[in-house]
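Here's the structure, in structure tokens; my notes come after.
The values are calculated or read from the model by the stated rules, or taken from the named source; none is laboratory data. Because the structure is predicted, anything quoted here is derived from the model rather than measured. Neighbour counts run over all protein chains shown; Cβ positions are idealised from the backbone, glycine included. When the accessible area is computed, the model is the full protein with side chains, heavy atoms only, and any ligands, DNA or RNA have been set aside. Shrake-Rupley method; radii C 1.70, N 1.55, O 1.52, S 1.80 Å.
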Amino acid sequence: MDKIGFNGKWLDAGTPVASADNRGLRYGDGVFETMRLENGRIPLASLHFDRLFSALDTLGFEPGPHFTREKLEKEILELATKNQHTQLARIRLMVFRGDGGLYEPGPLHTNYLMQSWALNESYQEININGLVLDIFPDARKSTDRFSNLKSANYLPYIMAALYARKHRLNDCLLLNTHERITDSTIANLFISIEGKFITPPLSEGCVAGVMRRYLLEKMPDWGFAVEEAPISVADLEKADHAFLTNAVSGIRWIASIGKKKFTVGRLGELYKWWQEKT
């Protein structure tokens, strides 16, 4: 049986770890990181842990001096070894406050939970068939300082994912309160207009994706023009190419958003750069 890690202890997968008073269960009072583990290492590990500890600081967590990147990374690799997932796996690390309180959390213990799942080799290649997307009509993301977090309070994305499944889509894009595109349920969006790739800035309310940050830094070195700029629904009609990106799947090209069609373009080349450099 696979193992999970809970507060530094190894438990059988499926072991209950949350009580009825758990704040993560009650309020979504926590954050999480989803990481790719490949050949015994975590690509872009420093970016993942930078984002995690920044989010904990934003939310007022007080995890203590022993809650460190080095400790977490060591335990992640140990978990993957126990589960025989060291070759290629998805890792989920959730951090949440403990039991107690109705709304105000007070001085509560910081809990963390680790899980791992094996990935198949298709995650090492760009998708053959382009993704089919549409825009989720029923939610609008805020653009405040919490919008960029990978929060356990994930309701708009959950409902958009259910909408995508109901309508036989691969994913959905979400809009912010200004009616502009933020991101998809599990990834950041890049589109290409007249040879330049564009992704929404963090001020638009998208999750601060690790791969998004990495590509913004590296794409110019690889010969791709890229910038952060708001993306309206009308901008999609001007775009030639589009892709989603996250730390687990890398780059996934989009074939259509609604009735708008896209071609793969140079995305295969971009994917190869990412594979080689990370």
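At a glance:
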quantity	calculated
Options TYR214, SER203, LEU236, ranked by Cα towards positive dipole end of the stretch 158-278, top entry (Cβ charges)	LEU236
Computed magnitude of the charge dipole of the chain (debye, nearest 20; Cβ of K, R +1, Cβ of D, E -1)	440
For ILE257, distant residues with modelled amide H under 5 Å away	LEU133
Rounded to the nearest 20 debye, dipole of the stretch 86-241 from Cβ charges on Lys, Arg, Asp, Glu	460
Residue among VAL264, VAL17, VAL210 with the largest mean-square fluctuation in a Gaussian network model of the chain, springs linking Cα atoms under 10 Å	VAL17
Highest-fluctuation residue, ARG92, ARG140, ARG213 considered, GNM on the chain with Cα pairs under 10 Å	ARG213
Cα gyration tensor of the chain - equivalent ellipsoid semi-axes, whole Å, descending	32, 22, 17
Global size of the stretch 46-133 as Cα Rg and Dmax, reported in angstrom	16.8, 50
Computed helical MRE - 222 nm, the chain, DSSP H runs ≥ 4 contributing -39500 (n - 2.57), nearest 500	-7500 deg cm²/dmol
Share of carbon and sulfur in the accessible heavy-atom surface of the stretch 74-229 [1.4 Å probe, %]	50
In Hz, Karplus ³J(HN,Hα) per residue of the stretch 159-165 (6.51, -1.76, 1.60; θ = phi - 60°; x = Gly, Pro)	5, 5, 5, 5, 4, 4, 5
For the chain, accessible area per residue (1.4 Å probe, heavy atoms of protein chains only), Å²	49
21 Å Cα-Cα threshold exceeded, pairs from LYS9/LYS82; LYS196/LYS260; LYS141/LYS260; LYS9/LYS71	LYS141/LYS260
The stretch 203-221-the stretch 235-262 distance, computed between alpha-carbon centres (Å)	15
Share of Cα-Cα pairs in the stretch 228-278 lying beyond 16 Å, as whole percent	46
